[in-house]
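Below is one structure, written out as C-alpha cells; comments come after it.
The values are calculated or read from the model by the stated rules, or taken from the named source; none is laboratory data. Quick caveat, the model's predicted, so the values are computed rather than measured. Quick reminder, even Gly has a Cβ in these numbers, built from the backbone with ideal geometry, and neighbours come from all protein chains shown.
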C-alpha cells in the first residue's frame with residue numbers, strides 16, 4: 001500500500017470541532033489521518049487523557065497526520081512567541097504520546113517593521129529555538145512559504161515567498177528536523193514546476209497541502225482567501241504535483257486547505273464529505289492505493 005494518505009484539518013473547511021469530533025468526521029468521510037490544533041486544545045486533551053485520546057483515535061482507524069504545535073507564523077509577536085516557547089516541551093510531549101511526528105508553521109512573505117536581513121535573522125533564531133525541542137520528541141516541522149503577490153503587494157518589506165527561498169532558510173537554520181510544508185496553491189502561484197518537486201528528497205517534505213485555484217483569475221491576482229477543493233477546477237496541475245511527490249517517495253499526510261467563503265454556509269458533514277472525496281480522488285488518480293472506507 002502507498003503511504004501518502006488523506007488527512008483532515010477540520011477548521012480548514014470551516015468545521016469548529018473538538019479533537020474527538022475531528023476524529024469522528026475523519027472516520028466517517030474517508031480520511032486516514034487527523035490533524036489537530038494541539039496549541040488550542042492542549043488542556044482539553046490533557047484533561048481528557050492522552051491515553052484515552054489515543055485509544056479513541058485508533059479505535060476509529062485514524063492515525064496522526066500533523067499537529068499545530070507552534071504559533072501560526074514564525075513572525076508572531078514576541079509575547080505570543082515567548083508564551084508558546086514556554087509551553088512547547090509540554091505540547092511536544094503530548095504530541096509524541098499521540099503519535100504526531102510532524103508539525104507545520106507559516107513563513108509570512110512580508111513584514112511591516114523588519115527589513116529582509118533583520119527578519120531573516122529573527123526566523124533563523126526562532127528555528128534554532130524550536131528545532132531542538134521538537135527533535136527531542138521525534139517531531140519534524142515543515143515551513144510553508146506564501147507565494148501569491150496579493151499577500152505582499154502593500155508590504156513595507158517583502159520576505160521569503162518561494163521554494164528556492166524557503167529551502168535556503170531551512171538550510172541556513174542547520175536544524176535536521178526542519179523541512180517543508182509544501183502547498184499546491186503556493187507552488188502554482190510561484191510558477192514552480194513538477195521538476196522543482198522532483199528535486200526534493202522525501203526527508204525534506206514534512207507536510208503536504210492540496211487545493212485548486214479558481215477559474216478565470218490571473219496568477220498575479222490569486223488570493224489565499226479564495227481557494228477551491230483539490231481537483232475542483234483543474235487550474236492547478238495536481239496530477240503533476242502529487243505524481244511528483246509520489247515518484248520522489250513522499251510518505252505522509254495530504255491535507256486539503258481550500259480556504260473559501262463557502263464553508264460557513266456548508267453543513268459540517270457535507271464539508272467533510274466533499275473534502276474527503278476530493279482528496280481521495282486526486283490521490284487515486286495518480287496511483288495511490290487507499291484503504292476501503294469503513
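Here are the numbers for this structure:
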item: Out of 75, 117, 32, sole residue that is modelled with pLDDT of 95 or more and surrounded by 14 or more Cβ atoms within 10 Å (Cβ to Cβ); result: 75
item: Residue count, segment 85-95 (criterion: modelled with pLDDT of 95 or more and crowded, with 18+ Cβ neighbours inside 10 Å); result: 3
item: Residue check for residue 141: touching a residue at least 12 places away in the same chain (Cβ under 8 Å) and in a loop (DSSP other than H, G, I, E, B); result: no
item: Helices (runs of 4 or more DSSP H) enclosed by segment 1-109 - at least 3 residues per element that are under 29 Å from residue 225 (Cβ atoms) and free of Cβ contacts under 8 Å to residues at least 40 places away in the same chain; result: 19-28, 78-98
item: Failed item, numbered, when residue 165 is tested on (1) at negative phi; (2) surrounded by fewer than 20 Cβ atoms within 10 Å (Cβ to Cβ); (3) in contact with a helix residue (DSSP H, G or I) (Cβ under 8 Å, 6 or more places away or on another chain); result: (3)
item: Counted residues, segment 245-277 - those being in a helix (DSSP H, G or I) and free of Cβ contacts under 8 Å to residues at least 24 places away in the same chain; result: 2
item: Segment 158-188: number of residues that are assigned to a helix (DSSP H, G or I) and under 17 Å from the mean Cα position of the chain (by Cα); result: 9
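Listed here are the residues, each with its yes/no results for (1) part of a helix (DSSP H, G or I); (2) in contact with a strand residue (DSSP E or B) (Cβ under 7 Å, 6 or more places away or on another chain).
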| position | (1), (2) |
| --- | --- |
| 216 | no, no |
| 230 | no, yes |
| 240 | yes, no |
| 243 | yes, no |
| 279 | yes, yes |
| 292 | no, no |
